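Working notes, beginning with the structure itself.
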Amino acid sequence: MLAAQPTSASLYDRVRRVIPPIEWPAFSGDIDAILKLKRERNAVILAHNYQTPEIFHCVADIVGDSLALARKAMAVDADVIVLAGVHFMAETAKLLNPGKTVLIPDLGAGCSLADSITAEDVRLMRERHPGVPIVTYVNTSAAVKAESDICCTSGNALAVVESLGVPRVIMLPDEYLARNIAAQTKVEIIAWKGHCEVHERFTPSDIRELREANPGVTVLAHPECPPEVIAEADFAGSTAAMSDYVGRHKPARVVLMTECSMSDNVAVEHPDVDFVRPCNLCPHMKRITLANIRDALEHDRHAVTIDPEVADRARRAVERMLAI
């Protein structure tokens, strides 16, 4: 007997703690339509940790941080991949699945980090620092990845830098991630001046105020935050590392210094933990909605294409990262 297919009604229990019942009818029709379209089109949805709970917990097939999505995209058994995230993530999925259709529901879902650097900028850095390998954060365009030696994520950046066995590297484009990694290694790191518009807004005084208002709270911060914020936190790590920390340590009360949908998504898995929610929203991530995921599946919007020559070079940089 075939297993019963999930429906919006059966899925609501997953998100009951973070989506009020009065809001659910606004989501249920699109959820049922998306579940049906996925079966009809042999499609999967990859969703980043910053997606809202109705996407993350109710229609996504694969969820995680940038590194997890990149790894799992390689093993996807589907004809169509919908990337519920930002454009560079969809490009990375396409790099690793060149024969599949990869859709991004909104072309405006960009990234301040990806916008902070161009391929020409990378070439100029090579000229200024001949022979120094370039480590490029995955939060960049395929064209930028194509000009680099190897990619990294916030979760594996230290391992990538130290794997190269050299005294000096260029690390692009997130200045704060580069500075935070530099504090953990003897490798000299040359940084770029890019910043995440979500994480750069957090300050040490934010953390001090949170601690004063919530005695005993555990503070977890993303390494895209400024170094002085990391210094005030109890733990720093990628979104996956933060989620793992909550699962392992079960703090009575916790605050995640990152995009605020992350707290909702982790809270679903840990009902016994009290989440304090400072709310910095990523305007780009929030461009992805159930409605435009449904539209993407119904009308093939918007297919990601990459120049083959650029794709070949960018793919090598991503695959070198995944091999570590």
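Quick notes on this structure:
- Out of A183, A142, A191, A213, one residue alone is surrounded by fewer than 22 Cβ atoms within 10 Å (Cβ to Cβ) and within 22 Å of the chain's Cα centre (by Cα). It is A191.
- Residues being out of contact with any Gly (no Cβ under 9 Å at 6 or more places or on another chain) and open to solvent by less than 10 Å² (accessible area, probe 1.4 Å) - total across segment 73-91: 9
- Note on segment 187-210: among residues that are free of Cβ contacts under 8 Å to residues at least 24 places away in the same chain and assigned to a helix (DSSP H, G or I), the one that is nearest to L172 (Cα to Cα) is S205.
- Test: residue in segment 157-171 that is modelled with pLDDT of 95 or more, open to solvent by 40 Å² or more (accessible area, probe 1.4 Å), under 14 Å from the mean Cα position of the chain (by Cα) and at negative phi: no
- Any chance A221 is buried (at least 18 other Cβ atoms within 10 Å of the Cβ) and modelled with pLDDT of 95 or more: yes
- Any hit, segment 49-57, residues being without any contact (Cβ under 8 Å) to a residue 40 or more places away in the chain and either surrounded by fewer than 23 Cβ atoms within 10 Å (Cβ to Cβ) or more than 20 Å from R287 (Cβ to Cβ) (or both): no
- Look at (1) in a loop (DSSP other than H, G, I, E, B); (2) under 14 Å from I190 (Cβ atoms) and you find that P105 fails only one, number (2).
- Filtered by the rule that a residue be at pLDDT 95 or above and surrounded by fewer than 19 Cβ atoms within 10 Å (Cβ to Cβ), segment 93-109 gives T101, L107, G108.
- Of all residues in segment 61-72, those satisfying the criterion of being open to solvent by less than 40 Å² (accessible area, probe 1.4 Å) and assigned to a helix (DSSP H, G or I) are S66, L67, A68, L69, A70.
- Hey, A303 open to solvent by 40 Å² or more (accessible area, probe 1.4 Å), closer than 30 Å to E147 by Cβ and among the hydrophobic types (A, V, I, L, M, F, W, C) or not: yes
- Close Cβ contacts (under 9 Å, 6 or more residues apart or on different chains) running from residues in segment 96-122 that are among the basic types (K, R) to residues that are open to solvent by 20 Å² or more (accessible area, probe 1.4 Å) comprise K100/D79; K100/K94.
- Taking segment 228-275 as the range and being in a loop (DSSP other than H, G, I, E, B), under 21 Å from E209 (Cα atoms) and under 22 Å from the mean Cα position of the chain (by Cα) as the test, the residues that pass are A233, D234, T258, C260.
- Members of segment 209-252 that are out of contact with any strand residue (DSSP E or B) (no Cβ under 8 Å at 6 or more places or on another chain) and charged (D, E, K, R): E209, E212, E228, D244, R248, K250
- Residue in segment 13-30 that is part of a strand (DSSP E or B), touching a helix residue (DSSP H, G or I) at 6+ places or on another chain (Cβ under 6 Å), in contact (Cβ under 8 Å) with a residue 60 or more places away in the chain and among the hydrophobic types (A, V, I, L, M, F, W, C) present: no
The values are calculated or read from the model by the stated rules, or taken from the named source; none is laboratory data. Computed from a prediction, not measured in an experiment: that's the story for all the values here. Neighbour counts are summed over all protein chains in view; Cβ atoms, including those assigned to glycine, are modelled from backbone coordinates with ideal geometry. Just so you know, the surface numbers come from the protein's heavy atoms only, side chains and all, with ligands and any DNA or RNA stripped out. Shrake-Rupley method; radii C 1.70, N 1.55, O 1.52, S 1.80 Å.
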